[in-house]
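As structure tokens, the structure follows; a few thoughts come after it.
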């Protein structure tokens, strides 16, 4: 019979795996915390893999998408509705997902907030959202700690002379990212989440 763990127990398993990356250590922590029979290796691995698939998918990149005009609230809303959400659903089907954005003015536009409240109730992260994006948050997402730097390095290396060439460079760079690289980046994101927990959600990059 498959094991059924409560939500808090699943969260604890994921937290310990992020921190130790060792199933035996997760089982040891379980004994110390709960004092009951430990979950099996298969159960712990299933919790780990479900987080990686549902939370930070390594299936592929969404985009890139390009803004042709100044990014206003309406322009960003059109991009969300026409391009971004369509691409996400093509990639992930009916699976639940979260959207994270920072506090840039277009993200904070009342029409954006109303649309996301209706489309992703309780599942979007931003300024004044149900899940608040805090100022000076650590760079936990693969976009922040991997993709932007990778694209910038490639653009600086090729030095495209026109906007069309710049766009082609970015598109080619994104297309060149392999599934193995995406998987490695997702696993790195999981490790970063684990290091963020002992830091109480603060920065951890320069801590031993």
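Every number in this text was worked out from the coordinates using simple rules, so none of it is lab data. Keep in mind that what you see is a predicted model, and the values were worked out from it rather than measured. Cβ coordinates were reconstructed from backbone atoms using ideal geometry, including for glycine residues, and neighbour counts include every protein chain displayed.
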Taking 7 Å along the Cα-to-C-beta vector as the label spot, tell me the residue 90-residue 171 distance in nanometres, rounded to one decimal. 1.3
By what distance, in whole Å, do the Cα atoms of segment 78-173 stretch along each of the three principal axes, largest value first? 42, 32, 24
Projected label distance in nm at residue 152 and residue 78, using a 7 Å step from Cα toward the beta-carbon: 2.9
Residues of segment 71-115 with amide nitrogen under 14 Å from the 7 Å Cα-to-Cβ point of residue 163? 71
Need one number: nm distance between label points at residue 111 and residue 69, each 7 Å from Cα along Cα→Cβ, rounded to one decimal. 1.0
